[in-house]
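Take a look at the structure set out below.
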Amino acid sequence: METEKQNINTLGLKVTDQITAMLAYWDKDMICRFANSAYVEWFGKTKEEMVNKITIKELLGPLFEKNLPFISGALKGEIQTFEREIPLPTGGIRHSLANYYPDIVNGEVMGFFVHVADVTPLKLIEIELLKSNRKVQEQNERLLNFSNIVSHNLKSYSNNLSSILNLFSLASSEDEKNKMFDFLKSISKGFSSTVNHLNEITKAQNLAKLDPEQINLNELIEKSKMTLLVQIQSSNAIIKNNIDLGINIFANPFYMDSIILNLLTNAINYRQQTKPLIVEFTCTQKSGKTILKIKDNGKGIDLEKHGADLFGMYKTFHGNSDAEGIGLFITKYHMESMGGQIEVESNENVGTTFILTFNAN
């Protein structure tokens, strides 16, 4: 009978040595009483070095403090399950799923069994899936931004086309009609150019970038003034373009149209009713950078109160129920996508200055 029992024990040990999972038993004094081949190999030990000799603290080293809450839980009679990254003696990291099962005899915890499975392949798949999900999420965010940008920018052209068409229908002389017709052609050209740029972005399957071009800042601002002509005239705004004819930047044309239209439209929408709106464009170049400033004498913004949210999505600050709150978000998005930056200086009832910095070509 004793021989049969020994044979069964020997067979049991042989079986556990063939299991890829790590199996071990630690008594209540945290001394190893059993370890299968996978367990000792993982830690680079031999059974002679471990069984009845080594403590779990000696074996785990720096990992002991991390595992101590689970060890303590097991010695209190509670099953423990947790994930852990374990460095190998040969170098590298393996991902494990550990289970500690209390050994309870007559209500007393005698020690605990350890079952540790190497889940590295599964963990690597999980990591790749998380990366993939993040990419999908980022793409969805770009799609949402793209949708907002398209809607917001095309609306500027659409509103002005509608206004000029209305003026065209009211024109009483051929000269007035010809003037309105020239305005219509100019805005229609800008509208078509914007649509073409959108098509280029879509074809390239890159919603964040478009090949940069050399853009003359003076011409860009004059084009924006023409696009917003009706709004400028109806608000009696004075737009001062003080930019030298020879200043060019290397930038995304679609983004630049959007930036100037957004900031100019904001200045008009948030002007003070007690005095004429003056918007002034100035530009300097130094240290290889081009700095464009757009200054107005409008309502201004309390930066101490709203500065952190100024460029946030759907943020509005002057109680305008028609405001969408995406213009400044779009502008910042464009500037950063081109490697530039946007800053703001503002005081309530004094005005606002937007400072756009473009890097050298």
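Of these, 212, 253, which one is crowded, with 18+ Cβ neighbours inside 10 Å, modelled with pLDDT under 90 and in contact with a strand residue (DSSP E or B) (Cβ under 6 Å, 6 or more places away or on another chain)? The conditions single out 253.
Going residue by residue through the range 73-94, is there one that turns out to be without any contact (Cβ under 8 Å) to a residue 40 or more places away in the chain and in a helix (DSSP H, G or I)? Checked the range 73-94: at least one residue is without any contact (Cβ under 8 Å) to a residue 40 or more places away in the chain and in a helix (DSSP H, G or I). Going residue by residue through the range 289-301, is there one that turns out to be in contact with a Lys or Arg (Cβ under 8 Å, 6 or more places away or on another chain), in the same structural domain as residue 340 (by TED's automatic domain parsing) and either on the phi > 0 side of the Ramachandran plot or at pLDDT below 80 (or both)? No, that holds for no residue. For residue 63, the requirement of being surrounded by 15 or more Cβ atoms within 10 Å (Cβ to Cβ) and over 16 Å from residue 110 (Cα atoms) is met. Scanning the range 18-57 for residues that are of a type outside the set (A, V, I, L, M), in a helix (DSSP H, G or I), surrounded by 14 or more Cβ atoms within 10 Å (Cβ to Cβ) and without any contact (Cβ under 8 Å) to a residue 24 or more places away in the chain yields 37, 41, 47, 49. Quick check on the range 265-278. Is at least one of its residues on the phi > 0 side of the Ramachandran plot and in contact (Cβ under 8 Å) with a residue 60 or more places away in the chain? There is no residue in the range 265-278 that is on the phi > 0 side of the Ramachandran plot and in contact (Cβ under 8 Å) with a residue 60 or more places away in the chain. Scanning the range 225-250 for residues that are more than 21 Å from residue 346 (Cβ to Cβ) and of a type in the set (Ser, Thr, Tyr), we see that the one that is surrounded by the fewest Cβ atoms within 10 Å (Cβ to Cβ) is 234.
Considering the range 212-253, the residues that are within 29 Å of the chain's Cα centre (by Cα) and hydrophobic (A, V, I, L, M, F, W, C) include one that is nearest to residue 285 (Cα to Cα), namely 249. Regarding residue 81, is this residue of a type in the set (Ser, Thr, Tyr), surrounded by fewer than 13 Cβ atoms within 10 Å (Cβ to Cβ) and within 26 Å of residue 124 (Cα to Cα)? Considered against the rule, which asks whether it is of a type in the set (Ser, Thr, Tyr), surrounded by fewer than 13 Cβ atoms within 10 Å (Cβ to Cβ) and within 26 Å of residue 124 (Cα to Cα), residue 81 comes out as yes. Across the range 254-294, the qualifying residues are those that are more than 17 Å from residue 243 (Cα to Cα) and of a type in the set (Lys, Arg), and the one among them that is farthest from the chain's Cα centre (by Cα) is 275. Say whether the condition of being more than 15 Å from residue 101 (Cβ to Cβ), modelled with pLDDT of 80 or more and of a type in the set (D, E, K, R) is met by at least one residue in the range 10-30. Yes, the range 10-30 contains at least one residue that is more than 15 Å from residue 101 (Cβ to Cβ), modelled with pLDDT of 80 or more and of a type in the set (D, E, K, R). A count restricted to the range 339-361 and to residues that are of a type outside the set (S, T, N, Q) and assigned to a strand (DSSP E or B) stands at 9.
The residue that is modelled with the lowest pLDDT, among those in the range 319-344 that are surrounded by 13 or more Cβ atoms within 10 Å (Cβ to Cβ) and within 15 Å of residue 267 (Cβ to Cβ), is 323.
The values are calculated or read from the model by the stated rules, or taken from the named source; none is laboratory data. The model shown is predicted, which means the values in this text are computed figures rather than measured ones. Note that each Cβ is placed from the backbone with ideal geometry, even for glycine, and that neighbours are counted across all protein chains shown.
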